[in-house]
Amino acid sequence: MSERSASGTALGTLYMRAIHQLLDARPLIFEDLPALTLLGRDKVEEIKKNHKHHRTQAASALRSHIVLRSRFAEDHLVEAVERGVSQYIILGAGFDTFAFRQPAWASKLKIFEVDQPASQAQKLSRLKDVGITVPSNLKFAEIDFERESLREGLERHGISMIEPSFFSWLGVTMYLKEEAIDAVLRTIAGFPVKSEIVFTFTHPPDSMSEKDSKFHSSLSRIVASSGEPFVSFFTPDAIETKLRDIGFKSMGILSHEDAEMRYYNNRPRDLYISTRSAIAYAIV
């Protein structure tokens, strides 16, 4: 099997979080200053120069979803730590920056960034180039799901399977076949009580509004051209049934109304809330 290349969508996500810091109205949905450092000064200036391109409704909708899912996941992480979770495992970590802006309460967490080797190597190289120091409670875990299961990979990297853990899995399931998604969820459901996952999934295109369907079609073409086509789609009911059947005790999906009330009502109306993708949580 040939070696996989670094994920282009991971870099695109970093761009979206950086654009949010630079162009969107305050208060921000998601504060992420290290994203600007990781992206680099030249790219930051390029974003500012091309600001009109990033203010279109389609660009706003995608950026809005990306920062919302990160905010929602980290809000749930806070609650998980309060109930005794000791490990934070970021699946498909890409250019996630939590470890580099972690608050004081996270210092006792063991943080693991899980990604395939090429993407992880790209990030490590970038961290070195921009002079970001890796904190002592962060470990990088190279796991390629084409070659080993999540459980095998976690055990190989010494990640405890008997400690309550919090998993984030953002912007990944749509690129995987259903059996691979189920295998990951079953592994997480086998963790101790109080463990949790926050993840995203994509609705079937024919269930979307006309506006979101257009956004989805455009994004589908972009990711497919980069070699990372969308593969799996689920309705919210199908996701909840899947989680229940796998063995999760509590679960939910962030609704448009809840997102509006919790994250958007106290800020200007410059970000469109797309319903193309959904954000779910499930607790063991």
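The values are calculated or read from the model by the stated rules, or taken from the named source; none is laboratory data. Nothing here was measured: the structure is a model prediction, and the numbers come from that model. Heads up, the Cβs are rebuilt from the backbone with ideal geometry, glycines too, and the neighbour counts pull from every protein chain shown.
Looking at Ala18, is it of a type in the set (Gly, Ala, Ser) and without any contact (Cβ under 8 Å) to a residue 60 or more places away in the chain?
Yes: the conditions hold for Ala18.
Is there a residue in segment 243-251 that is among the aromatic types (Phe, Trp, Tyr), under 23 Å from Ala80 (Cα atoms) and touching a strand residue (DSSP E or B) at 6+ places or on another chain (Cβ under 6 Å)?
yes
Which is under 23 Å from Met161 (Cα atoms) and over 18 Å from the mean Cα position of the chain (by Cα), of Val85, Val78, Val114?
Criteria check complete, one pass: Val85.
Residues that are without any contact (Cβ under 8 Å) to a residue 60 or more places away in the chain and within 21 Å of Val198 (Cβ to Cβ): which strands (runs of 3 or more DSSP E) entirely in segment 97-185 hold 3 or more of them? Can you show your working first?
Numbers: elements: 110-115, 138-142, 165-169.
Because the criterion is at least 3 residues that are without any contact (Cβ under 8 Å) to a residue 60 or more places away in the chain and within 21 Å of Val198 (Cβ to Cβ), the strands (runs of 3 or more DSSP E) in segment 97-185 that meet it are 110-115, 138-142.
So if I check each of Val231, Val284, which one is in contact with a helix residue (DSSP H, G or I) (Cβ under 7 Å, 6 or more places away or on another chain), surrounded by 18 or more Cβ atoms within 10 Å (Cβ to Cβ) and touching a residue at least 40 places away in the same chain (Cβ under 8 Å)?
Going through Val231, Val284 in turn, the sole match is Val284.
Please find, within segment 237-281, the residue that is surrounded by the fewest Cβ atoms within 10 Å (Cβ to Cβ) out of those that are modelled with pLDDT under 95, of a type in the set (Gly, Ala, Ser) and part of a loop (DSSP other than H, G, I, E, B).
It comes out as Ser255.
For residues that are crowded, with 21+ Cβ neighbours inside 10 Å, of a type in the set (S, T, N, Q) and either in contact with a Lys or Arg (Cβ under 8 Å, 6 or more places away or on another chain) or not in a loop (DSSP other than H, G, I, E, B) (or both), tally how many sit in segment 186-212.
So the count comes out to 2.
Under 6 Å by Cβ, and 6 or more places apart or on different chains, what pairs join a residue from segment 34-60 that is within 17 Å of Asp24 (Cβ to Cβ) and touching a residue at least 40 places away in the same chain (Cβ under 8 Å) with one that is surrounded by 12 or more Cβ atoms within 10 Å (Cβ to Cβ) and among the aliphatic types (A, V, I, L, M)?
So the pair list comes out as Ala35/Leu14; Ala35/Ala18; Ser60/Leu271.
Looking at (1) under 17 Å from the mean Cα position of the chain (by Cα); (2) within 21 Å of Val198 (Cβ to Cβ); (3) surrounded by 14 or more Cβ atoms within 10 Å (Cβ to Cβ); (4) modelled with pLDDT of 95 or more, can you tell me which one Leu62 breaks?
That leaves (4) as the condition not met.
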